[in-house]
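Structure record follows, encoded as structure tokens.
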Amino acid sequence: MLSGPQGGAQSEPQDRTSIAVDAGDLGGGLFSEINITPLTDVVFVLLIIFMVSSTAMMEQERAASRTGRVDLTLPESGTEHQDAAPNDVTVALLADGSMTVQGEVSNDVHLSDRVKAAMTKDPSTSVRVEADEKLEYRRVMEIVDQLEQLGVRNLSLGTRARVGP
């Protein structure tokens with residue numbers, strides 16, 4: 001209860017402007033403190049983005065090393081593609097990993113049979129391996145190793161002809 005100038009009790013003040021609030025010593029000058037809370041929030045968000053993206057990049061590199069896949073563009077050859085001799089064997093490795101031998105869809109066992117048959121007819125048979133540039137290099141090396149184990153000594157790798165000067 002407040003007591004007014006007449007001495008009677010009043011339930012609320014008549015003049016609301018008479019209540020003063022002490023706001024400290026602002027003195028009407030410039031507010032010179034910097035609020036760093038928003039800056040801290042931005043720095044933390046950037047830190048989290050950096051940590052997540054670097055972790056994702058590391059995982060991508062680990063996955064690439066596990067599969068043996070390397071982003072590699074095969075070199076172009078300055079020489080023209082030479083036609084194979086009639087007794088030569090051409091092995092084409094497609095981007096999806098499938099294989100053709102002399103234009104027929106094949107597998108590793110069929111490749112071995114075809115190469116053994118050709119080597120029996122002519123021990124100097126040449127084998128040309130043509131691999132799609134998107135194929136994993138490991139798959140090409142598996143085929144080359146298989147051919148070497150079969151005794152193939154004349155082995156060549158196909159490239160694409162260079163276009164332009």
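Here, each number is a calculation from the coordinates, and none is a lab measurement. Since we're looking at a predicted model, the values are computed, not measured. FYI the Cβ positions are ideal-geometry reconstructions off the backbone, even for glycines, and counts take in every protein chain you see.
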Most exposed first, judged by fewest Cβ atoms within 10 angstrom, Lys121, Lys134 run Lys121, Lys134
For region 89-157, convex hull volume per residue from C-alpha positions, Å³: 70
Neighbour-count ranking [beta-carbon atoms within 10 angstrom, fewest first] of Glu136, Glu142, Glu33: Glu33, Glu142, Glu136
How many nm separate the modelled label positions at Val52 and Glu104, each set 7 Å beyond the Cα in the direction of the Cβ? 5.5
Inter-site label distance for Asp145 and Leu30 at 7 Å from Cα along Cβ, in nm: 7.3
